[in-house]
Amino acid sequence: MRIEWHKIKKFLKAGWRLIIFFVMIAFVVTCNFLLFLHGMQMDEAEVRAMAPITFWNIILLTLLFGIFDFTRRAWMVTRPVKRIREGMEKIVAGDFTVRIPYIKGENSDNEFDSIIKGLNDMTAELAGVETLRTDFISNVSHEIKTPLAVISNYATMLQSGVLKPEQQQEYAKAITEQTKRLSDLITNILKLNRLENQQIYPEKKTYNLSEQICECLLMHEYVWEKKQLEIETDIEEDVLIYQDAELLSLVWNNLFSNAIKFCKEEGRVTVEVKRLEDKVLVSVSDTGCGISQETGRHIFEKFYQGDTSHATQGNGLGLALVKRVIDIAEGNISVQSVLGEGTTFTVSLDAKT
Ligand code: ADP
């Protein structure tokens, strides 16, 4: 049996308080009793004279104990309650930088300190959520304002009526591209929001991953041909997994589009699918610009774009989505990269047994 020392300590403390209280009461009663007995030995006139003294004596002692108890309460109860109330008023007003000072210390066994610790932890958590929320809003606003400004400028120029037909074509194309960028951004935000709020319930079924990877890869043919990339595949046939196919297609599409986007012209993209015991490994490699260590630490964060030269072709939400889907699928994603030489993303998932 484990001895719970903190409970024993609490019990002893409560006992100690009870003893002090008992000694105080005993002291008052004894004082009054002695005075009373003393009075009994007196004659009537003396008893009459002693009666008011005894009465005032009791009043005085009660007053003294009253003051003592009031001071004790003010120090030990009212002071912490006031401190907690003031802190909570600031938190309710939206100030999440507030940290309520402890009465005895963060790790003391004082009951008020345990409430203060709970409130301080909650405020720190709220401050984190608030920062995420404001960062998210400013990122989204920035991402929306940039294409809107481009659309507005080109539309104004188109309205001027002084443009040559080729220029008109060029500006109309730019407007279409920016509209697509806006639409992709909003689609990604909605998807991420639904994934983060657990509004998407994975619909798992057993399916052929090898086929899915080939289909997804082929969807990018137009872009890789335009960049004259070499595509190398080593895809084991008929690898089955038990997952939500639609969600995982988001992962493959994002990894393929990044590999193609960050690959140099005439570079190489390699896709491998392997079955290793009870795991399936999918790796996507490219001979692109690579990722620095500093960038690598942030790539799965929302709106993070390490390589700003490709900023217009994305919105920094792709890998955040990928990571969320892999977490839901209870898999793992890792990245190896050499700056200037290339990058490999490896996804590991449970194989269908
Ligand atoms: P986006 O591609 O829209 O910028 P992502 O979330 O897909 O956003 O990627 C975040 C960042 O990770 C990119 O801006 C880039 O810096 C880095 N990155 C992702 N994939 C690769 C890759 N294959 N090669 C080099 N950098 C990459």
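Each value in this text was obtained by applying a stated rule to the coordinates, not by laboratory testing. This is a predicted model, so every value here is computed, not measured. For neighbour counting, all protein chains shown are included, and Cβ atoms are generated from backbone atoms with ideal geometry for every residue, glycine included.
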- Item | Reachable aspartates and glutamates, given that their alpha-carbon falls under 14 Å from the alpha-carbon of LYS180 and they are not under 8 places away in the same chain | GLU143
- Work out from phi, with θ = phi - 60° and the Karplus expression 6.51 cos²θ - 1.76 cosθ + 1.60, the ³J(HN,Hα) of each residue of segment 246-257, listed in order in whole Hz, and give x for Gly and Pro. 5, 5, 5, 5, 4, 5, 4, 4, 5, 5, 5, 5
- Sorting VAL29, VAL251 on the 10 Å Cβ count, fewest up front, what's the list? VAL29, VAL251
- Message: Could you tell me the relative contact order of the chain? Use alpha-carbon pairs under 8 Å, at least six residues apart, and round to a whole percent.
- Response: 11 percent
- At a Cα cut-off below 25 Å, give the lysines reachable from LYS173, other chains included and same-chain residues fewer than 8 away excluded. LYS145, LYS164, LYS226, LYS227, LYS261, LYS264
- So for R0 = 22 Å, FRET eff. of ILE137-ARG194 from the Cβ-Cβ r, to 0.05, ends up at 0.75
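Only counting other Cβ atoms within 10 Å, I'd like THR146, THR62 sorted with the fewest neighbours first.
Lowest to highest Cβ neighbour count: THR62, THR146.
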- From DSSP H assignment alone, runs of 4+ in the chain each adding -39500 (n - 2.57), the sum over residues rounded to the nearest 500 puts [θ] at 222 nm at -20500 deg cm²/dmol
- segment 1-18 and segment 241-277 have their Cα centres apart by a whole-number Å value of 60 Å
- Query: In terms of modelled amide H atoms, which long-range or inter-chain residues lie less than 5 Å from the amide H of GLN243?
  - Reply: LYS205, TYR207
- Message: Output the 0 to 90 degree angle, nearest 10, between the alpha-carbon long axis of helix 5-40 and the longest principal axis computed from the alpha carbons of the chain.
- Response: 20 degrees
- Note on the structure: Taking Cα atoms, the helix 318-328 axis meets the longest principal axis of the chain at an angle in degrees (rounded to 10) of 60 degrees
- Note on the structure: If amide H atoms are modeled at 1.01 Å from N in the peptide plane, then the residues at a separation of 5 or more from GLY314, or on another chain, having amide H under 5 Å from its own are none
- Task: For LEU35 paired with GLU215, estimate the spin-label separation in nm (one decimal), with each label point 7 Å from Cα along the Cα-to-Cβ line.
- Result: 9.7 nm
- Just need the relative contact order of segment 88-226 here, percent rounded to a whole number, with Cα pairs under 8 Å and 6+ apart. 14 percent
- Query: Using a Gaussian network for the chain with springs between C-alpha atoms less than 10 Å apart, which of these wobbles most: LEU247, LEU185, LEU158?
  - Reply: LEU158
- Message: I need the calculated FRET efficiency for the pair GLU341 and ASP278, taking r as the beta carbon distance and R₀ as 35 Å, to the nearest 0.05.
- Response: 0.60
- Amide H contacts under 5 Å for THR233, placed H, 5+ residues apart: VAL271
- Please build a GNM for the chain, connecting alpha carbons under 10 Å apart, and tell me which residue among LEU209, LEU63, LEU218 fluctuates the most. LEU63
- Message: Can you tell me which of GLN336, GLN243, GLN169 moves the most in a GNM of the chain? Springs connect C-alpha atoms under 10 Å apart.
- Response: GLN169
